[in-house]
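Just below is one structure, and these are the notes that go with it.
The values are calculated or read from the model by the stated rules, or taken from the named source; none is laboratory data. Predicted model only: the values in this text are computed from it and were never measured. Reconstructed Cβ throughout: ideal geometry from the backbone, glycine too, with neighbour counts over all protein chains shown. Heavy atoms of the whole protein, side chains included, go into the accessibility calculation; ligands, DNA and RNA do not. Shrake-Rupley method; radii C 1.70, N 1.55, O 1.52, S 1.80 Å.
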Amino acid sequence: MLGNSYDSQVCSISRTLELVGERWSLLIIRNAAFAGMTRFGQFRRSLGIATNVLQSRLDGFVEAGLMERRPTREQPSTAEYVLTRKGHDLVPALVALTAWGDRWAAPDGPPIIYHHTGCGGTVAPQLTCTTCGALADPTQVEAHPGPGMPEERAAVIRRRLAAN
């Protein structure tokens, strides 16, 4: 969707940006996840997006498996776009972006507050260590090579980490 290929980056962030890295994409996903929108016209009216841009994004989401295109019950010739599990898995990223925006770009306070439907509590993103359960300060997070990193790049990262 970005019009560039970031394959040489060997990075999940860049690969994700290929799918949802332009402003309309995240707003469409937001409206599907939190406002229950499924229809082309709903997205179009709420966002004021050009029809060709919207259709391109929706087609890309279907192709990438973020949404399914289904015929509506009322008018089988009309499609609705429904988030898949893969699409719903973007919700934590949206909540994290919202929290950052609430802190740094919302002078009058948060315009939206997310609540857990199970208990009504407020939902917030957190960096949690999977080993000890501690909440990690963002300055305490290091990037280490994973199994998908080519060895020559992994070696460079390991050397940089060892030097610090």
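So, in region 147-164, of the ones that are touching a residue at least 12 places away in the same chain (Cβ under 8 Å) and part of a helix (DSSP H, G or I), which residue ends up most open to solvent (accessible area, probe 1.4 Å)?
The selected residue is 158.
Just wondering, is there one or more residues in region 61-74 that are within 14 Å of the chain's Cα centre (by Cα) and open to solvent by 40 Å² or more (accessible area, probe 1.4 Å)?
Taking region 61-74 and keeping what is within 14 Å of the chain's Cα centre (by Cα), we get 61, 64-67.
Narrowing further to those that are open to solvent by 40 Å² or more (accessible area, probe 1.4 Å): none.
No: region 61-74 contains no residue that is within 14 Å of the chain's Cα centre (by Cα) and open to solvent by 40 Å² or more (accessible area, probe 1.4 Å).
Would you check if residue 98 is among the polar types (S, T, N, Q) and either touching a strand residue (DSSP E or B) at 6+ places or on another chain (Cβ under 8 Å) or more than 30 Å from residue 63 (Cβ to Cβ) (or both)?
Values: among the polar types (S, T, N, Q): yes; either touching a strand residue (DSSP E or B) at 6+ places or on another chain (Cβ under 8 Å) or more than 30 Å from residue 63 (Cβ to Cβ) (or both): no.
In short, no.
Can you spot a residue in region 32-54 that is open to solvent by 40 Å² or more (accessible area, probe 1.4 Å) and closer than 29 Å to residue 148 by Cα?
no
Scan region 54-85 for residues that are closer than 28 Å to residue 110 by Cβ and in a helix (DSSP H, G or I) and report the count.
Number satisfying all stated conditions: 4.
For region 25-55, what are the residues that are among the hydroxyl-bearing types (Ser, Thr, Tyr) and more than 14 Å from residue 68 (Cα to Cα)? Step through it out loud before you land on a result.
Initial filter on region 25-55 (among the hydroxyl-bearing types (Ser, Thr, Tyr)): 25, 38, 46, 51.
Those that are among the hydroxyl-bearing types (Ser, Thr, Tyr) and more than 14 Å from residue 68 (Cα to Cα): 25, 46, 51.
Do you know which of the residues in region 86-138 that are in contact with a helix residue (DSSP H, G or I) (Cβ under 7 Å, 6 or more places away or on another chain) and in a helix (DSSP H, G or I) is surrounded by the most Cβ atoms within 10 Å (Cβ to Cβ)? Break it down into steps so the answer makes sense when it comes.
At the first step, the residues of region 86-138 found to be in contact with a helix residue (DSSP H, G or I) (Cβ under 7 Å, 6 or more places away or on another chain) are 87-88, 90-91, 94, 110, 112, 114, 123-125, 127.
Then keep just the ones that are in a helix (DSSP H, G or I); that gives 87-88, 91, 94.
On the way: 87: 21, 88: 13, 91: 16, 94: 18.
If we take residues in region 86-138 being in contact with a helix residue (DSSP H, G or I) (Cβ under 7 Å, 6 or more places away or on another chain) and in a helix (DSSP H, G or I), then 87 is surrounded by the most Cβ atoms within 10 Å (Cβ to Cβ).
Hey, does region 139-146 have a residue that's out of contact with any strand residue (DSSP E or B) (no Cβ under 6 Å at 6 or more places or on another chain), polar (S, T, N, Q) and surrounded by 10 or more Cβ atoms within 10 Å (Cβ to Cβ)? Walk me through how you get there before you give the answer.
In the first step, residues of region 139-146 are kept if they are out of contact with any strand residue (DSSP E or B) (no Cβ under 6 Å at 6 or more places or on another chain); the result is 139-146.
Cutting the leftovers down to polar (S, T, N, Q) gives us 139-140.
If we keep only those that are surrounded by 10 or more Cβ atoms within 10 Å (Cβ to Cβ) as well, we get 140.
Checked against the condition, which is being out of contact with any strand residue (DSSP E or B) (no Cβ under 6 Å at 6 or more places or on another chain), polar (S, T, N, Q) and surrounded by 10 or more Cβ atoms within 10 Å (Cβ to Cβ), region 139-146 yields at least one hit.
Just checking, does region 3-23 include any residue being of a type in the set (Phe, Trp, Tyr), modelled with pLDDT under 95, on the phi < 0 side of the Ramachandran plot and out of contact with any Pro (no Cβ under 6 Å at 6 or more places or on another chain)? Steps first, please.
Step one: of region 3-23, the residues of a type in the set (Phe, Trp, Tyr) are 6.
Now narrow it down to the ones that are modelled with pLDDT under 95: 6.
Next, only the ones that are on the phi < 0 side of the Ramachandran plot stay: 6.
After this cut, where a residue has to be out of contact with any Pro (no Cβ under 6 Å at 6 or more places or on another chain) as well, the list is 6.
Yes, some residue in region 3-23 is of a type in the set (Phe, Trp, Tyr), modelled with pLDDT under 95, on the phi < 0 side of the Ramachandran plot and out of contact with any Pro (no Cβ under 6 Å at 6 or more places or on another chain).
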